[in-house]
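Below you'll find the structure, written out as structure tokens, and then a few comments.
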């Protein structure tokens, strides 16, 4: 399998152009890289290709229910949070909610986290792809930083809105990344996600549900 660092493109590109872009990225593999501590990869089951996700920041916070929320954001989302101009046609956010933490003695692999991956087009109303899944996530914390390892996760497209193109399909998510404790940013990202999903849902035609 090839490993490609790239972001989802919106449907302003045709399917032919997307296929061409994939080929270009594959040929340019040696020169690609992400300025991030995120080591997450998404492997498309249908395409049998592995894409390294370019999330630039990750933050965690324990919510009122005692669960841990973790958000990973890309450069475009980071620019928006900072009030800067966004130079990408799409934004990506991944939200993990850890319901409980495994002990070191655990050997059986189960699921202890929900995963939502949002790919948001910067149209009005916003285009949206939402992938859902569950995962087994283990973590170690040192001061205000937490190292999280994700495995046993399968993501499927649950909702689609607008002219966004899904060329990932069902995928496997795995890898290790570091998140910093920051309740303010986590809550801000989740508020904006809720507002974006609501805007897409209230748009003419609403959200097309993919899940059965």
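A short reminder: the numbers here are calculations on the coordinates, not readings from a lab. These numbers come from a predicted model, not from an experiment. Here the Cβ is made from the backbone with ideal geometry for all residues, glycine too, and neighbour counts use every protein chain on show.
Miscellaneous remarks
- Peptide packing: for 184-197, 119-132, 166-179, the average count of neighbouring Cβ atoms within 10 Å per residue gives the ranking 119-132, 166-179, 184-197, highest mean first.
- The calculated FRET efficiency for residue 142 paired with residue 163, based on their beta-carbon distance and R0 = 45 Å, is about 0.55.
- 18 Å reach of a label modelled at residue 172, 7 Å along Cα-to-Cβ, counting backbone N of the stretch 134-154: 134-138, 149-154
- Förster-model FRET efficiency, 35 Å R0, residue 154 and residue 78, C-beta, rounded to 0.05: 0.80
- Ranking of 62, 97 by count of other Cβ atoms within 10 Å, fewest first: 62, 97
- Centre separation in Å (Cα based) which lies between the stretch 53-83 and the stretch 151-177: 18 Å
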